[in-house]
Amino acid sequence: MSQSEDITTQTSAVTNHEQKPIHIPGSIQPHGVLLALSSQLEIVEVSNNTQKYLGKQPEDLLAQPLSYLLDSKKVEAVKQCLEKKIGSSNAFKVLINTLNGERYFDAIVHRTQEAVIVELEPTDSKSELSFLGFHGLVGEAIAKMQSTSSLREFLQIVAQEIQEIVGFDRVMVYQFDESQAGSVVAEVKREDLSPYLGLHYPATDIPTQARELYTRCFLRFIPDLTAEAVKLVSTENFTTYEHLDLSYSVLRSFDWCCTEYHQNMGVKALLVISLIQEQKLWGLISCHHQTPKYISYEVRKMCEFLGQIVSSELAHKIIHSEWDYEVKLKSLQSEFLQSISEADNFIDALIKPEIRLLGLVSASGAAICLDNEVALVGATPNIEQVHQLIEWADNQVNDNLFSTDSLPKLYPEALTFKDTASGLLLLRISKIQRYYILWFRPEVIQTVHWAGNPNEFIQAQVDGSLTVPVRKSFAAWQETVRLTSLPWRVCELESAVGLRNAIVGIVLSKADELAKINLELERSNQELASFAYAASHDLKEPLRGIYNFSTVLLEDYAEILDDDGIECLQTVISLSVRMETLINALLRLSQLGQAHLRKQATDLNELVAQVIEVFGASRQNSELVDIRIPRPLPIVQCDRVLVNEVFSNLIGNALKYNDKPQQWIEIGYLDEDTLTQRHSQANKDENTEKLLTPSQRHSLRTSSFQSPIFYVRDNGIGIPEHHLETIFRLFKRLHSQEKYSGGTGAGLAIVKKIVELHNGQIWVKSIVSIGSIFYFTLE
């Protein structure tokens, strides 16, 4: 939602109902009783309505032990609350003898810094709600919420299900924006009530104190906004309880501004459920009723539970709501980069076809600036205006990526072309050579519907401060917002960054610019790795379901299936296992993309010995394999766990792809001291000579050996020469799944990734039927 700067100023203004702490009101709502206990469970403060509910005057209860009122079992339950963290609550049924006989109450117990709070609400229910009973009441609602991937539909279902449970006249889902103003994004209401859907509310409508309490206490219930608060009474010896913290109290009384605000809306009963996203208040489920309405504590707990389910589902729904659009942008980017890499003329590749460059960030126009040459695409300012805009950007914009949805407010000259460029996304490819891509969006005159004029109620005081009294009007009021475009979305900014990362290698020739772009490419790769990890992780759950249901069908319904049906199910199970293996490999590779090396001095002799021991324990006839280590391996600085994985993969492949009756594996390293010896051995060993090409032998002889070159050599089946450049690709297999004990084809891709994380290199030399040598370095 876009707002004027005046509205933003209101957000930070001090309002006249922010000054009194609302969490220590010194009173409660009258539909229950409150007892404050010392750490010895002595009653030190009570609400002044105990005669009505318990048949005992407050002075009769003060200074009495809790056992005066509750039996020993319930006292013990309260005592356990002393060990819980502040704010954690426990609830149970209690039976209390009153003047009118035995009466059941819902007891809600929590601990504060200074006391244990016991709140009693009368109830007609005599038994605790079982887990199955609770699940039966909320299970259907949860199933409906999870039935859609659309965020809008999801929130509307949430409103419908909560309304069905509580029976209030109106249930709204209210979402906050960056300025803490909010809007109604879903609504279920009585037919005769005016709609609030789509209306916006300024941040000042919900005081900062109230917002903070909503992040700690996830449900607020006021059954009667007209009810008079009940004062708390304490013993004279316990003055510290004059300011009892009722932040987590279910009976905490309400502030007068809350009463007036909602009564101005015609509301007499209120239920509010917090929606938390990433530990911040994302929004509220607000339930209004035109007459006083009480709902039981059990129903409220159901609503609170559903609120937590909604909060946990929000992130998933938000991701899915963006998913299709992000996939579209990534597809466009992929096509775009391919055409650029193949084109002879860089500008032509950028602007033809023009829809591709514009679609990359959903812009209506673009300008490509390479030094003084400017090419325009779509609806844009003229070339002279673009040159002036770039001059301004050179002086005012420091970052490589800059975006605004209101350019005229930052660059007044843009008023003359606001119809084509009220929004600007600027991508600096090179400041030294003035390589830019600018995308434009036109002015979109927006009509924001407010629940009352947000400016009308601000009052200036004598001392110059601003106050916001409680509003009386909630009639829809329109504000026209000009000089703004549609806002740039995060995924569009990421798409622009991805484009920059990819094309700088084509555009730039200076080494310093290339160094900077490598850093940005690394960040982009990490984002892509995160994307791959999230996608792979989400694939595992449905795959697990396919496997489990197929297994159930085989185990429980085999007798009613024919042979073809059983064979098909067995194939499904086999393929799902195979798919999960591939997904696990992809997840592992994605994790490596985000890994941080934990380098330490590592004795490779111990590490390799551990790897060999593992293979020896799991491999039959391991005595037939000759493991050769010509000399002790060095101690190197590396990530021990990851390098263990390198040797495990290379040694494992050497064992797997070997059909010789006399199998051997050699593990060693090359350095300057052993070069002559190695070269002499190669001259004596014809096979080794074949494995080292002339250029490779020259490289080894002339190397300065700042770091050793490790190798794993075998006498296995070898690798055809035309496959040597492709075997490090993900899921690249040279043999069918049935040969050589299967595998995913991800092992060498993982090895390559780990070596590159150590700033090293890996390569292979191989001759079919003779063997292979894998070389790698660790910096």
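The values are calculated or read from the model by the stated rules, or taken from the named source; none is laboratory data. Computed from a prediction, not measured in an experiment: that's the story for all the values here. Here the Cβ is made from the backbone with ideal geometry for all residues, glycine too, and neighbour counts use every protein chain on show. Quick note on the areas: whole protein, heavy atoms, side chains included, nothing else; ligands and nucleic acids left out. Shrake-Rupley method; radii C 1.70, N 1.55, O 1.52, S 1.80 Å.
When the Debye formula is applied to the Cα atoms of region 183-301, each taken as the same point scatterer, what base-10 log of I(q)/I(0) results at q = 0.15, 0.21, 0.23 Å⁻¹?
Result of the Debye calculation: -0.79, -1.47, -1.67.
Using a 1.4 Å probe on the protein heavy atoms only, what accessible surface does Arg216 show? Give it in Å² to the nearest 10.
Only protein atoms counted, so the area is about 80 Å².
Applying 1/(1 + (r/R0)^6) with R0 = 60 Å to the Cβ-Cβ distance of Glu384 and Val641, what FRET efficiency is obtained, to the nearest 0.05?
Working: r = 60 Å, r/R0 = 0.99.
Approximately 0.50, to the nearest 0.05.
Run through all the Cα pairs of region 631-671 and give the fraction in each 5 Å bin from 0, expressed as whole percent.
5, 17, 23, 24, 17, 9, 4, 1
Per 0.36 nm of contour for each residue apart, how much would the distance between Asp394 and Ser149 grow if the chain were fully extended, relative to their Cα-Cα spacing? List each step's numbers first, then the result.
Details: separation 245, 0.36 × 245 = 88.20 nm, distance 4.34 nm.
Length gained between Asp394 and Ser149: 83.9 nm.
Quick one: Cα convex hull volume of region 139-201, Å³ per residue? Can you show the working numbers first?
Values: hull volume 5.9 nm³, N = 63.
Taking the convex hull of the Cα positions in region 139-201, it is 94 Å³ per residue.
Quick check on my link table: of Lys660/Lys765; Lys328/Lys409; Lys599/Lys656; Lys280/Lys317, which ones sit more than 23 Å apart, alpha carbon to alpha carbon? Don't skip to the answer; put the middle values down first.
Numbers: Lys660/Lys765 19 Å; Lys328/Lys409 32 Å; Lys599/Lys656 30 Å; Lys280/Lys317 17 Å.
The pairs that break the limit, which is 23 Å between Cα atoms, are Lys328/Lys409; Lys599/Lys656.
Which value in nm describes the separation of the simple spin-label points at Asp192 and Ser296, placed 7 Å from the Cα toward the beta carbon?
Rounded to a tenth, the inter-label distance reads 3.0 nm.
Give me the distance in nm between label points sitting 7 Å out from Cα along the Cα-to-Cβ direction at Ser72 and Phe549, one decimal.
About 5.5 nm separates the two model spin labels.
Which percent of the accessible heavy-atom area of region 34-137 goes to carbon and sulfur, probe 1.4 angstrom? It would help to have the intermediate numbers written out before the result.
Details: 2500 of 5310 Å².
Percent of accessible area from carbon and sulfur atoms in region 34-137: 47.
With r as the distance between the Cβ atoms of Leu561 and Ser769 and R0 = 56 Å, compute the FRET efficiency 1/(1 + (r/R0)^6) and round to 0.05. Walk me through the numbers before you get to the answer.
Working: r = 46 Å, r/R0 = 0.83.
Efficiency at R0 = 56 Å is approximately 0.75.
With a 1.4 Å probe and all protein chains left in place, how much of the accessible area of region 145-184 comes from carbon and sulfur atoms, in whole percent? Please report the intermediate quantities before stating the final value.
Numbers: 620 of 1600 Å².
After summing per-atom areas, the C and S share lands at 39 percent.
When the chain is fully extended, how far beyond the present Cα-Cα distance does Arg216 get from Phe92, taking 0.36 nm per residue of separation?
Details: separation 124, 0.36 × 124 = 44.64 nm, distance 2.18 nm.
Contour length minus Cα-Cα distance gives 42.5 nm.
Rounded to the nearest 0.05, what FRET efficiency do Asn759 and Asp371 give with R0 = 45 Å and r taken as the Cβ-Cβ distance? Could you check? Please report the intermediate quantities before stating the final value.
Numbers: r = 35 Å, r/R0 = 0.78.
My answer for the efficiency is 0.80.
For region 214-280, report the % of Cα-Cα distances exceeding 19 Å. Could you put the intermediate results ahead of the total?
Working: 1051 of 2211 pairs.
For region 214-280, the fraction of Cα-Cα distances above 19 Å is 48 percent.
Keeping the other protein chains in place, figure out the carbon and sulfur percent of the accessible area of region 354-448, with a 1.4 Å probe.
On the way: 1850 of 3840 Å².
In region 354-448, the share of accessible area belonging to carbon and sulfur is 48 percent.
Show me the three semi-axes of the equivalent ellipsoid for region 95-208, from the C-alpha gyration tensor (sqrt of 5 times each eigenvalue), largest first, rounded to whole Å. Intermediate results must be reported in sequence, preceding the final value.
Details: eigenvalues 241, 95, 50 Å².
Ellipsoid half-lengths, sorted descending, are 35, 22, 16 Å.
Take Thr112, project a point 7 Å from its Cα along the Cβ direction, then tell me which residues of region 186-230 have their backbone nitrogen under 15 Å from it.
Counting only backbone N, you get 213, 217, 230.
What is the extension gain from Arg729 to Ser39, computed as 0.36 nm multiplied by their sequence separation minus the C-alpha to C-alpha distance, in nm to one decimal?
Details: separation 690, 0.36 × 690 = 248.40 nm, distance 6.54 nm.
Length gained between Arg729 and Ser39: 241.9 nm.
Leaving out ligands and nucleic acids, note down the accessible area per residue over region 48-168 with a 1.4 angstrom probe, in whole Å².
Here the residues of region 48-168 average 53 Å² of exposed surface.
Could you work out how far apart the two model spin labels at Glu83 and Lys52 are, taking each label as a point 7 Å from the Cα in the direction of the beta carbon, and quote it in nm?
So the label points at Glu83 and Lys52 sit 3.7 nm apart.
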